[in-house]
1. Taking 0.36 nm per residue of sequence separation and subtracting the Cα-Cα distance, how much length would be gained by fully extending the chain between residue 244 and residue 215, in nm to one decimal?
2. Could you sort the peptides 144-154, 332-342, 286-296 by per-residue average Cβ neighbour count (10 Å cutoff), highest mean leading?
3. Starting from the Cα of residue 235, step 7 Å along the direction of its Cβ; do the same at residue 154; then give the gap between the two resulting points in nm.
4. Just subtract the alpha-carbon distance of residue 300 and residue 338 from 0.36 nm times their residue separation and send over the number in nm, one decimal.
5. What number, rounded to the nearest 500 deg cm²/dmol, is the helix-based mean residue ellipticity at 222 nm of the chain, given -39500 (n - 2.57) per DSSP H run of at least four residues and division by all its residues?
6. What list of ³J(HN,Hα) values in whole Hz, one per residue of the range 383-396 in order, does the Karplus curve 6.51 cos²θ - 1.76 cosθ + 1.60 (θ = phi - 60°) give from phi, with Gly and Pro shown as x?
7. Would you kindly state how much longer the chain becomes between residue 132 and residue 268 on full extension, computed as 0.36 nm times their sequence separation minus their alpha carbon distance, in nm to one decimal?
8. Counting other beta carbons within 10 Å of each Cβ, put 309, 25 in order, fewest first.
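FYI, it's all coordinate maths here, none of it is from the lab. Computed from a predicted structure; not experimentally measured. As a convention, Cβ positions derive from the backbone with ideal geometry for all residues, glycine included, and neighbour counts pool all protein chains shown.
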Amino acid sequence: MSKLALFGGEKTLDHTKQPDELFRWPIFTEEDETALLDVFRKNEMSGNNVTIEFEKEFAEWQERKYAVACCNGTLSLLTAMFALGLKAGDELICPTKTYWASCLSAQLLGVSVVFANVDPDTLCIAPDDLERLTGPRTKAIMVVHYKAYPCDMDRIMTFARKHDLKVIEDVSHAQGGHYRGRKLGTFGDVAAMSLMSGKSLACGELGILVTDDRLYYERALAFLHYERNKPENISSQELLSYVHLPLSGLKGRANQLCTAIGRVQLRYYDERIAEVRRANNYFFDRLEGLPGIRTHRVDEKDGSDMAGWYTPCVIYRPEELGGLSVGTFIKALTAETNFPFNTLGGNFPLHLHPMFNTYDHLGLGRPSRIAFSERDVRELDKALKPSENIIVIDTPYFRKLMPEQITLYADAFRKVIANHSELLAADSPDAVNITGQWYGQVK
Ligand SMILES: Cc1ncc(COP(=O)(O)O)c(C=O)c1O
């Protein structure tokens, strides 16, 4: 057994010296540049022509009737809630481990967020928890295909239909993924997502909402796009009196430099993520069965997949390595590779943040989260499972199948795991064990 790099042995690899294409993303070509320059030279950044073309192409690719683009994913998700008719006093169930934008804006509508457990293996909303959380004012469930893992849509949709609840899919991590052969984003009454630069489908700063329902589509248009909120586009009686001004009081128009990139990116997206999928499956195949870690990936046999694998990770199981702290484990991995292994990729559970407990944006003398609710939904948080035992380790995000290089990263895991007894002897209570973040909090 070779000596760990942490203790002076030879490194397994040097991450800083790997070929650029192993990780390069997004892939921009001259075609993106030409599309951008075209918008720029015509001074059409604030127009709608390119955006409308993008929406048509996106709706077709997403296999839904309608798409409405806007300036970011956060706003697309608020719009989804509005489109479904969520109102003050209604409740929205949302997993507690997600990026804040999945649900924080619900408070602007006076909607109360009810937090659900996530499954410790999939990191997605636990369908078992839905019954406990559902009350007379529950109107909708927000599901998040977290870190590209498809939620258990069969169980979620069955539950939702039985209780007459709407479903919103937050597809920000999983554009183009599938659950049992069906595309993510086609299950919910509405699906909405971020297409910002860090995402698999990376377009700059952009969000989009899709639906098959004409009313939801019109509400979304009327909410976000004052200049498209006009009688030619709106047929619903409930909306016709309010044309020409945005129902949100906000302006949500997309920057056309971003929708122009989106059009080009979309053309090559499926082909490119197929490569990402091959690369990350290749890596995870090499980690399968090792003690101490579980690969966070779906079994593809039933037609499910992880699309662009947005931020791949393994879930750490210290009990299988004699209780070795994750801090020491990732320190050894980093020493072995020069790759900055960390545990920041999982968001801290949202119910723990004061924004969901005490913040009162309306000055009503009640926390915003329960400003209009009939029950104090914060009480339901008390039965949430503690999240400390969900330890996420972000793994390198491979974009190209380069077997020789990828194998080395897997070798580093093998070496560290094989030597875990030595690490245990050196384990320190000071090891940094951060297992998530409020975004941007930790550098
Ligand atoms: C799950 C999830 N939902 C929503 C968003 C918000 O999207 P945006 O940053 O485009 O506003 C993000 C991240 O950006 C996210 O990760």
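1. Details: separation 29, 0.36 × 29 = 10.44 nm, distance 1.72 nm.
Computed gain between residue 244 and residue 215 is 8.7 nm.
2. Working: 144-154: 25.5, 332-342: 20.4, 286-296: 17.6.
Ranking the peptides 144-154, 332-342, 286-296 by packing returns 144-154, 332-342, 286-296.
3. Using points 7 Å along Cα→Cβ, the separation is 3.6 nm.
4. Details: separation 38, 0.36 × 38 = 13.68 nm, distance 3.13 nm.
Gain in length upon complete extension: 10.6 nm.
5. Numbers: 12 runs with 137 residues, N = 443.
Rounded to the nearest 500, the figure is -9500 deg cm²/dmol.
6. 8, 5, 5, x, 8, 4, 8, 9, 10, 9, 10, 5, 10, x
7. On the way: separation 136, 0.36 × 136 = 48.96 nm, distance 4.29 nm.
Full extension of this stretch gives 44.7 nm more.
8. Numbers: 309 29, 25 18.
The order, fewest Cβ neighbours first, is 25, 309.
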